[in-house]
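A.B. asks: This is the structure, below, for whatever I ask next.
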Amino acid sequence: MMKTLKKIGRALLVAAFWLGIWAIAAYRFGKPLLFPSPLSVLTTLGELLQTKEFYLITAKTIGNILMGTFTAILFACVLVVITARIHLVHELIHPVMAVVKATPVASFIILMLLFLGPVKVPAFITFLIVLPIVWTNLDQGIASIDTQLQEVAKIYRFSFAKRLRVLIFPSLKSYFLSACKTSIGLAWKAGVAAEIIAMPKGTIGTQIGEAKLYIMSAEMFAWTLTVVLLSLAIEFGVSYLFKMLDGKKMQKEVM
């Protein structure tokens, strides 16, 4: 309990420090229309929180990004099983993943606008960003599995299900968690960037784009702060979920 309180206290102190830096910078800049103060942004965010549209817009963006993220994770898990078993498929897929990771997100957004239209672009871009991260991490995890343990599994003729449970899943767990943590932050950035460029109706990215267009800086900062807070909340939720699963697994082993 004390450790949790200390962590919360430190987090609050860090937040207060950076809010102070922000307030001083806004005061020194002296142009609240372009660079609003923290108080102005928090006030605007509070006003947004009182509207029904805020929750509808937020839910739509969350839906787009989570749909792209979960679809990419599922597809990457299936794909890594195939590439691990068929070397030729691995050789064909590896350069494609490298190209996707190296290509600027804006290029994909503009290209996909021509084929998919603005509504489907955010989810697809999220999928495209998350897929190579998860696949690459899982591929590295499979490559790092101890060959001696694999030989033992062959000697004792473990079934495929038993190999997954005893050998593969424990070896890939840390790689999978790392991929999820990394991809969630990038998914939010890419998804909202896609919304800003594509401008689908009723999304956070569209609100940021319109606020910038009409020089409504407080609203733009408030929506951006919403994106940051949602990203942190979901990342924390994923980490907490994995910890809970680990805890339940340890309890079963003890019993």
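The values are calculated or read from the model by the stated rules, or taken from the named source; none is laboratory data. This structure is a prediction, so every number in the text was calculated from the model and none was measured. A quick note on method: Cβ atoms are made from the backbone with ideal geometry, for glycine too, and the neighbour counts reach across all protein chains shown.
A.B. asks: Could you list, in sequence order, all residues of region 23-58 that are assigned to a helix (DSSP H, G or I), surrounded by 13 or more Cβ atoms within 10 Å (Cβ to Cβ) and among the small types (Gly, Ala, Ser)?
C.D. replies: Ala23, Ala26, Ser40 - these are the residues of region 23-58 that are assigned to a helix (DSSP H, G or I), surrounded by 13 or more Cβ atoms within 10 Å (Cβ to Cβ) and among the small types (Gly, Ala, Ser).
Residues are listed down the side, and each one gets a yes or a no for (1) at positive phi; (2) at pLDDT below 85; (3) of a type in the set (Phe, Trp, Tyr):
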site: Ala11; (1), (2), (3): no, yes, no
site: Val14; (1), (2), (3): no, yes, no
site: Phe17; (1), (2), (3): no, yes, yes
site: Ile21; (1), (2), (3): no, no, no
site: Leu56; (1), (2), (3): no, no, no
site: Asn64; (1), (2), (3): no, no, no
site: Phe75; (1), (2), (3): no, no, yes
site: Leu79; (1), (2), (3): no, no, no
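Let's see how each residue does on (1) at negative phi; (2) assigned to a helix (DSSP H, G or I); (3) polar (S, T, N, Q):
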position: Met112; (1), (2), (3): yes, yes, no
position: Phe115; (1), (2), (3): yes, yes, no
position: Val119; (1), (2), (3): yes, no, no
position: Pro122; (1), (2), (3): yes, yes, no
position: Thr126; (1), (2), (3): yes, yes, yes
position: Ile133; (1), (2), (3): yes, yes, no
position: Thr136; (1), (2), (3): yes, yes, yes
position: Gly141; (1), (2), (3): yes, yes, no
position: Ile145; (1), (2), (3): yes, no, no
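A.B. asks: Same structure again: Can you tell me which residue is surrounded by the fewest Cβ atoms within 10 Å (Cβ to Cβ) among those in region 213-222 that are free of Cβ contacts under 8 Å to residues at least 60 places away in the same chain and assigned to a helix (DSSP H, G or I)? Reasoning before the result, please.
C.D. replies: Initially, region 213-222 is screened for residues free of Cβ contacts under 8 Å to residues at least 60 places away in the same chain, giving 213-214, 216, 220.
Going one step further and asking which of them are assigned to a helix (DSSP H, G or I), we end up with 213, 220.
Details: Leu213: 10, Met220: 21.
Selected residue: Leu213.
A.B. asks: Which of the residues that make up region 8-22 are among the aliphatic types (A, V, I, L, M) and either assigned to a loop (DSSP other than H, G, I, E, B) or exposed (fewer than 13 other Cβ atoms within 10 Å of the Cβ) (or both)? I'd like the intermediate steps shown before the answer.
C.D. replies: Residues of region 8-22 that are among the aliphatic types (A, V, I, L, M), as a first pass: 8, 11-16, 19, 21.
Correct list: Ile8, Ala11, Leu12, Leu13, Val14, Ala15, Ala16, Ile21.
A.B. asks: Look through Ala84, Ala106 and report the one residue that is out of contact with any strand residue (DSSP E or B) (no Cβ under 7 Å at 6 or more places or on another chain), in a helix (DSSP H, G or I) and within 18 Å of Glu195 (Cα to Cα).
C.D. replies: Sole residue among the options that is out of contact with any strand residue (DSSP E or B) (no Cβ under 7 Å at 6 or more places or on another chain), in a helix (DSSP H, G or I) and within 18 Å of Glu195 (Cα to Cα): Ala106.
A.B. asks: OK, next. Would you mind telling me which numbered condition in (1) within 17 Å of Gly191 (Cβ to Cβ); (2) assigned to a helix (DSSP H, G or I) Ala98 fails?
C.D. replies: It is condition (1) that Ala98 fails.
A.B. asks: Here is a further query. Let me confirm something: among Glu195, Glu210, which residue is free of Cβ contacts under 8 Å to residues at least 12 places away in the same chain, in a helix (DSSP H, G or I) and either within 30 Å of Val81 (Cβ to Cβ) or out of contact with any strand residue (DSSP E or B) (no Cβ under 7 Å at 6 or more places or on another chain) (or both)? So that I can check it myself, show each step before the final result.
C.D. replies: Working: Glu195 fails: free of Cβ contacts under 8 Å to residues at least 12 places away in the same chain.
When all the criteria are applied, what remains is Glu210.
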